[in-house]
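Structure first, then comments.
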Amino acid sequence: APLNTKPVEPPQPSAALQSLKSARFLSAINPALYPTNISSPNPALNSAVAAKGKSFKYDKEFLLQFQKVFVEKPSMEFESQIKALIGDGDGGSARSASAR
Amino acid sequence: QNKQPSVAGSDEQITVFHDKDNFNVKHPLMHKWTLWFTKPPSGKGDNWNDLLKEVITFNSVEEFWGVYNNIAPTGELALKSDYHLFKEGVRPEWEDIQNKHGGKWSYQFREKKNVPIDELWLHIMLAAIGETLEDETDGEVMGVVVNVRKGFYRIGVWTRTIGKSIPNGGDGDVAGGKGRTQEKGKEVLMNIGKKFKEVLKLPPSETVEFSGHTDSAHSGSTRAKAKFTI
């Protein structure tokens, strides 16, 4: 058996993040694509321009279906970036800000 | 470990709904969008440019949710914070060349405790990225914004024009173009205002207001005289 001499590797992106990065963009909206429990984008939104080519209008109901499905951070560094930019969301800086 | 679709050939389209870890197609947005964050001032004479921070640019529905699910909800932000979601390449400032002839629809929620601000901000962002705030050829929407303040939350939609032609706006029937009559320019803005009010679930008794950015700038206040109301 080959020797397993694993070097110390940096953390790897999750499968979901790898899929996000490598997935192809859909070239058209196809209502037949979705599992039966998922509603496709409202066809009325895109019908007016369908003849001219690509339209990707999405109704709120369609978009909300992704909320619990794609929860991965959009990059490996996102969490640390957000902490630096926004903080932990504890509202701490509100107290120190001068109330003009 | 590279999983291949096992049954069908490699042409099979697997969405995030089929397999949330191993999908091979994603949903494009019609525009790229950039999320910005305004940090609350420290009270030590900060430069506005140091407070306005670009967070991330994305162009798929899936990535939008990756961002949204991993940042602080509006209700947890410190006072004097803002989120801005703008089309890529447009700074969320009056002075940006693409904003300076424009304006905004806005509404202040004064009952902060009773307002589902996280849901309202989410819904206005979904209307922006889903392109349902305006018609295909309107070309007005630049971005959406939420302000967290001591006495209120405010949500706004920024537009390219105030319903008139703008310098270098071209000759066509486009936002700011000479080929778009003032009548149509106003109608486009009014329709965006109606949609805005609908997304925010405001009752008919409430009023949303449109004002031009330069009116605001000259009056030295963001509460300039409203140009249109719905």
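The values are calculated or read from the model by the stated rules, or taken from the named source; none is laboratory data. Being a predicted model, the structure only gives us computed values, none of them experimental. We place every Cβ from the backbone using ideal geometry, glycine too, and count neighbours over all the protein chains shown. Surface accessibility is based on the protein's heavy atoms, side chains included, excluding ligands, DNA and RNA. Shrake-Rupley method; radii C 1.70, N 1.55, O 1.52, S 1.80 Å.
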From B:Gly172, B:Gly185, grab the single residue that is touching a Gly at 6+ places or on another chain (Cβ under 9 Å) and assigned to a loop (DSSP other than H, G, I, E, B). B:Gly172
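Quick check on this structure: which one of B:Lys44, B:Lys87, B:Lys39, B:Lys100 is more than 7 Å from every other protein chain (Cβ to nearest Cβ) and without any contact (Cβ under 8 Å) to a residue 24 or more places away in the chain?
Values: B:Lys87 fails: without any contact (Cβ under 8 Å) to a residue 24 or more places away in the chain; B:Lys39 fails: without any contact (Cβ under 8 Å) to a residue 24 or more places away in the chain; B:Lys100 fails: without any contact (Cβ under 8 Å) to a residue 24 or more places away in the chain.
Among B:Lys44, B:Lys87, B:Lys39, B:Lys100, only B:Lys44 is more than 7 Å from every other protein chain (Cβ to nearest Cβ) and without any contact (Cβ under 8 Å) to a residue 24 or more places away in the chain.
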Would you confirm whether or not the range B:110-118 contains a residue that is open to solvent by less than 50 Å² (accessible area, probe 1.4 Å), within 26 Å of B:Lys164 (Cα to Cα), at pLDDT 95 or above and more than 10 Å from chain A (Cβ to nearest Cβ)? no
For the range A:1-78, which helices (runs of 4 or more DSSP H) that fit wholly inside it have 1 or more residues that are among the β-branched types (Val, Ile, Thr) and at pLDDT below 95? A:43-50
Taking the stated definitions as given, is B:Phe58 open to solvent by less than 20 Å² (accessible area, probe 1.4 Å) and either in contact with a strand residue (DSSP E or B) (Cβ under 6 Å, 6 or more places away or on another chain) or facing chain A (nearest Cβ under 7 Å) (or both)? yes
